[in-house]
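Reading through the structure tokens given below for one structure.
The values are calculated or read from the model by the stated rules, or taken from the named source; none is laboratory data. Remember, it's a predicted structure, so these values are computed and weren't measured experimentally. Positions of Cβ are backbone-derived with ideal geometry, glycine not excepted, and every protein chain shown enters the neighbour counts.
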Amino acid sequence: MTSSISTRIALFFIAACALSTWATAQNNPKKSTPAGTNNVACPSAAQLKPVQLYGAWRVHFSQPPAGLPADATMQLERHAEFSESLAGSVSRELGAAAGNRAVAGHAPRAQLAGDLEDGFLTLDESSNGISITGTWNGEMVEGSCGKKFKGTWKDTSSSAPPDAADVPFTLERNPGW
């Protein structure tokens with residue numbers, strides 16, 4: 001009888017070890033995926049969907065024009081009319097723009113609407129809900145899993161000079177989203 005119990009205990013431990021090893025292999029982040037299969041943990045630019053961009057983002061402008069701050073926050077969500085498009089807002093502390101007057105034509109909070117296609121993000125910005133006061137064109141940073149975009153913002157407000165420069169930006173998902 002002792003032999004039977006010992007055998008059962010040994011089998012139990014062998015099964016537990018095998019199961020533990022199998023579970024670890026399933027969660028191994030370095031596990032390679034065969035070509036042509038989806039890696040759910042980190043989508044490629046082509047696999048990225050608008051729903052994966054919903055949430056809070058940080059924006060940093062590397063060369064903001066006078067009157068606009070270097071940092072902003074962005075909130076993205078599903079567009080109310082077009083389910084495969086994006087909507088949201090960008091918020092800026094215009095008073096934080098180092099000693100400069102706020103840029104006419106821009107509000108502390110502006111509306112956004114746009115699209116994501118093959119990792120390219122295009123957004124139109126409106127400070128008054130009527131006219132486009134800025135445009136955003138960015139591309140997903142390779143290997144960022146859709147959590148970082150780099151591109152340019154352009155001031156298209158009525159107060160913008162005709163030769164307004166493209167302003168480089170980095171868009172990064174807030175932690176926890």
Practice task
Scan the stretch 87-109 for residues that are modelled with pLDDT of 95 or more and touching an Asp or Glu at 6+ places or on another chain (Cβ under 8 Å) and jot them down.
Solution key: Ala87, Gly88, Val90
Exercise for the section: Return a yes/no flag: does the stretch 79-88 have any residue that is under 28 Å from Ala46 (Cβ atoms) and over 21 Å from the mean Cα position of the chain (by Cα). Expected result: yes
Fill in the blank from the handout: Within the stretch 102-142, the count of residues that are among the small types (Gly, Ala, Ser), touching a Ser or Thr at 6+ places or on another chain (Cβ under 7 Å) and not in a strand (DSSP E or B) comes to 4
Exercise for the section: Collect the residues in the stretch 156-177 that are among the charged types (D, E, K, R) and surrounded by fewer than 18 Cβ atoms within 10 Å (Cβ to Cβ), keeping them in residue-number order. Expected result: Asp163, Asp166, Glu172
Problem - So Asp115, is it acidic (Asp, Glu), under 16 Å from the mean Cα position of the chain (by Cα), at pLDDT 95 or above and surrounded by 15 or more Cβ atoms within 10 Å (Cβ to Cβ) - result: yes
Exercise for the section: Name every residue in the stretch 151-170 that is without any contact (Cβ under 8 Å) to a residue 24 or more places away in the chain and either part of a loop (DSSP other than H, G, I, E, B) or more than 26 Å from the chain's Cα centre (by Cα) (or both), in order of residue number. Expected result: Pro161, Pro162, Asp163, Asp166
